[in-house]
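The values are calculated or read from the model by the stated rules, or taken from the named source; none is laboratory data. The shown structure was predicted, so the numbers you read here are calculated from the model rather than taken from an experiment. Note: ideal-geometry Cβ built from the backbone for every residue, glycine included; neighbour counts use all protein chains shown.
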Amino acid sequence: MSEDSRRSDPSRGGPAAVGVPSDLPTASFGRRAAAFLVDGVLCAMVAGLFTYPDPPGGWSTLVFLVAYTLFVGLFAESPGMRLLKLRCEGVADGRPIGLFRALLRTLLIILLIPALLTTADGRRWHDKIAGSTVVAARPERR
């Protein structure tokens, strides 16, 4: 696949989805999955602090729901997203999506199926429903 076709294909980390004001490329599935894995492990560790010596079980999901909603809704990135230089922005304005849409998006991620299915514009269904997109983070200004 040529560099030009890779750049124009949103599902391969090409330009942001149609209608997205950002000039940043959409995030690849691999980077998104790695960020999710980091967040999942961190949430399991936090839940484990409260349930020790027993395993955290379903408490991990509750910690993930609360933490992910707060981080993405208010700051546009979770710890895993920050580590992998990703941001979750609103499609309409490129800003953090707020708590309600972040909660909806997080619930759909927990269901897993919407997070695996891709739309025609390269976004995942949980992002399409929540009106968000995950893009490569802007380089920090010094």
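Please determine, by comparing only the residues of segment 64-90 that are touching a strand residue (DSSP E or B) at 6+ places or on another chain (Cβ under 8 Å) and charged (D, E, K, R), which one is nearest to A44 (Cα to Cα).
Among them, the one singled out is E77.
V91 passes all but one of (1) under 18 Å from F64 (Cα atoms); (2) crowded, with 18+ Cβ neighbours inside 10 Å; which number fails?
Condition (1) is where V91 drops out.
Among what's in segment 96-142 and is more than 15 Å from T26 (Cα to Cα) and charged (D, E, K, R), pick the residue that is farthest from the chain's Cα centre (by Cα).
R142
For segment 91-108, check the following and say yes or no: at least one residue is under 16 Å from G40 (Cβ atoms) and in contact (Cβ under 8 Å) with a residue 60 or more places away in the chain. Reasoning before the result, please.
Kept after step one, since they are under 16 Å from G40 (Cβ atoms), are these residues of segment 91-108: 105-108.
Those left that are additionally in contact (Cβ under 8 Å) with a residue 60 or more places away in the chain: none.
Among the residues of segment 91-108, not one is under 16 Å from G40 (Cβ atoms) and in contact (Cβ under 8 Å) with a residue 60 or more places away in the chain, which makes the answer no.
Just one of D54, D39 is charged (D, E, K, R), farther than 20 Å from V134 by Cα and modelled with pLDDT of 90 or more; which is it? Working first, answer last.
Numbers: D39 fails: farther than 20 Å from V134 by Cα.
So the residue among D54, D39 that is charged (D, E, K, R), farther than 20 Å from V134 by Cα and modelled with pLDDT of 90 or more is D54.
Mind telling me which of the residues G90, G58, G40, G73 ends up being more than 16 Å from the chain's Cα centre (by Cα) and farther than 13 Å from A137 by Cβ? Write out each step before concluding.
Values: G90 fails: more than 16 Å from the chain's Cα centre (by Cα); G40 fails: more than 16 Å from the chain's Cα centre (by Cα); G73 fails: more than 16 Å from the chain's Cα centre (by Cα).
None of the other options fit; the residue is G58.
Any residue in segment 64-80 that's more than 16 Å from V134 (Cβ to Cβ): show its pairings with residues that are hydroxyl-bearing (S, T, Y) and crowded, with 22+ Cβ neighbours inside 10 Å at Cβ separation under 7 Å, as long as the two are six or more apart or on different chains.
Once the first residue is more than 16 Å from V134 (Cβ to Cβ) and sits in segment 64-80, its partners that are hydroxyl-bearing (S, T, Y) and crowded, with 22+ Cβ neighbours inside 10 Å give L65/T106.
Can you tell me which residues in segment 62-85 are in a helix (DSSP H, G or I), under 14 Å from G98 (Cβ atoms) and among the aliphatic types (A, V, I, L, M)?
L70, V72, L74 - these are the residues of segment 62-85 that are in a helix (DSSP H, G or I), under 14 Å from G98 (Cβ atoms) and among the aliphatic types (A, V, I, L, M).
Search segment 110-126 for residues being out of contact with any helix residue (DSSP H, G or I) (no Cβ under 6 Å at 6 or more places or on another chain) and free of Cβ contacts under 8 Å to residues at least 60 places away in the same chain, and hand back the single one that is nearest to S60 (Cα to Cα).
Looking at residues that are out of contact with any helix residue (DSSP H, G or I) (no Cβ under 6 Å at 6 or more places or on another chain) and free of Cβ contacts under 8 Å to residues at least 60 places away in the same chain, I get I110.
Can you pull out every residue in segment 45-66 that is surrounded by fewer than 18 Cβ atoms within 10 Å (Cβ to Cβ) and among the aliphatic types (A, V, I, L, M)?
M45, V46, L49, L62, L65, V66
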